[in-house]
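In what follows, a single structure is set out as structure tokens and then discussed.
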Amino acid sequence: KDYNIDLDIHVFLKIYKPLNLKFWRLYREEKISKENLRYQRLKDAFDAVNYTVSDALIHTLADKYIAFLPLFDNVFEGTFEILEYLKTKYQLHIITNGFEEVQSLKMKSANLSSYFNKIVTSESVGVKKPNPRVFEHALKIAGANKENSIMIGDSIEADILGAVNFGMPAIYCDFDNKPLESEAYKSITSLLQLKQYL
């Protein structure tokens, strides 16, 4: 609205969401830079809906999105209940491929910071999940070992297979309810189901 873009947001998001996942995968695989991810996911989405926007506006929108994103305090249903339950039993840490400048603000906005001891960003390590170096680094700064740790995540490639291939148990948060059966990891469709395993 601020930039008078005359598009139905639902039409745009239907195109944007799978493109965003595609570019995050390329980013994880070190095939594009952070800047290219931020620009290209928007550029390709606008092109796909045949809406012409200048490169300058795409860069502006990308910057505004990153500034705006961490201000949201939305969390999944059951988030605080499960964190209250887990924090009395475990040390909780975060490993994220998300952008360094966004993560701490996002955590603060959603009132999540107090639940987690360490936040490890892939940018601080220099490689991204599923690279085993991210998991090694996270365990080192947490003072933990993989046998007594568990990765809980919503990305099969980055979180779950990354952890399993590293030798760490994993639980897949299947929030899209598209079951992917495997003996290599557990799977849940809501956060409160973690109580079945932890």
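The values are calculated or read from the model by the stated rules, or taken from the named source; none is laboratory data. These numbers come from a predicted model, not from an experiment. Note that each Cβ is placed from the backbone with ideal geometry, even for glycine, and that neighbours are counted across all protein chains shown. Quick note on the areas: whole protein, heavy atoms, side chains included, nothing else; ligands and nucleic acids left out. Shrake-Rupley method; radii C 1.70, N 1.55, O 1.52, S 1.80 Å.
Seen from all sides and averaged, what is the projected area of the convex hull of the Cα atoms in the range 115-198, in nm²?
Value for the range 115-198: 5.7 nm².
Place +1 on the Cβ of every Lys and Arg and -1 on the Cβ of every Asp and Glu in the chain, take the dipole about the Cα centre, and give the residue among Val127, Ala138, Tyr3 whose Cα lies farthest towards its positive end.
Checking the options against the dipole of the chain, the answer is Ala138.
Jot down the per residue volume, in cubic angstrom and as a whole number, of the convex hull over the alpha-carbon atoms of the chain.
Cα-based convex hull of the chain, divided per residue, equals 131 Å³.
Extending each Cα 7 Å along its Cβ direction at Ser114 and Phe76, get the distance between those two points in nm, one decimal.
If labels sit at Ser114 and Phe76, their model points lie 2.2 nm apart.
Below 8 Å, C-alpha to C-alpha, sequence gap of six or more: please give me the relative contact order for the range 96-162 in percent.
With pairs under 8 Å counted, the relative contact order is 28 percent.
So how exposed is Phe68, as accessible area in Å² (1.4 Å probe, rounded to 10)?
120
Rounded to the nearest whole Å², what accessible area per residue is found for the chain with the 1.4 Å probe?
For the chain, the solvent-accessible area averages 61 Å² per residue.
Along the Cα→Cβ direction, 7 angstrom out, place labels at Glu123 and Asn145. What is the inter-label distance in nm?
Simple spin-label model gives 3.4 nm for this pair.
Return the percentage of antiparallel bridges among DSSP beta bridges fully within the chain, rounded to the nearest 5 %.
Here the share of antiparallel DSSP bridges comes out near 0 percent.
What is the extension gain from Phe175 to Leu21, computed as 0.36 nm multiplied by their sequence separation minus the C-alpha to C-alpha distance, in nm to one decimal?
That pair, Phe175 and Leu21, stretches by 54.0 nm at full extension.
What aspartates and glutamates does Lys146 reach when the alpha-carbon gap must be under 13 Å and sequence neighbours fewer than 8 apart in one chain are set aside?
Answer for Lys146, where 13 Å is the Cα cut-off: Glu136, listed by chain and number.
Report in % the part of the accessible area of the chain that belongs to carbon and sulfur, leaving out ligands and nucleic acids; probe 1.4 Å. Please list the in-between numbers first.
On the way: 6130 of 12000 Å².
The computed percentage sits at 51.
One-quarter of the Cα convex hull surface for the range 91-156, in nm²?
Values: hull surface 18.0 nm².
With every direction weighted equally, the projected area is 4.5 nm².
Once you have the Cα-Cα distance between Glu157 and Tyr3, take 0.36 nm times their residue separation minus that, and quote the gain in nm to one decimal. Mind dumping the intermediate values first?
Working: separation 154, 0.36 × 154 = 55.44 nm, distance 3.56 nm.
Full-extension gain reported as 51.9 nm.
Net charge near Lys108, counting Lys/Arg +1 and Asp/Glu -1 over other residues with Cβ under 13 Å of its Cβ?
That sum, taken over residues with Cβ under 13 Å, equals -1.
Pick out, from Leu86, Ile188, Tyr16, the residue whose Cα sits farthest towards the positive end of the charge dipole of the chain, with +1 on the Cβ of Lys and Arg and -1 on the Cβ of Asp and Glu.
Leu86
With each run of n ≥ 4 DSSP H residues scored as -39500 (n - 2.57), what mean residue ellipticity at 222 nm is computed for the chain after dividing by its residue count and rounding to the nearest 500 deg cm²/dmol?
One gets -13500 deg cm²/dmol as the mean residue ellipticity at 222 nm.
When the Kirkwood hydrodynamic radius is evaluated over all pairs of different C-alpha atoms of the range 1-91, what value in angstrom, to one decimal, is obtained?
Working: mean 1/r = 0.0648 Å⁻¹.
Taking every pair of different Cα atoms in the range 1-91, averaging 1/r and inverting gives 15.4 Å.
If the cut-off is 15 Å between C-alpha atoms, which aspartates and glutamates fall inside it for Lys106, apart from same-chain ones fewer than 8 positions away?
Qualifying aspartates and glutamates at Cα under 15 Å: Asp73.
Test of understanding: what is the full-extension gain from Asn50 to His93, defined as 0.36 nm times their sequence separation minus their Cα-Cα distance?
11.2 nm
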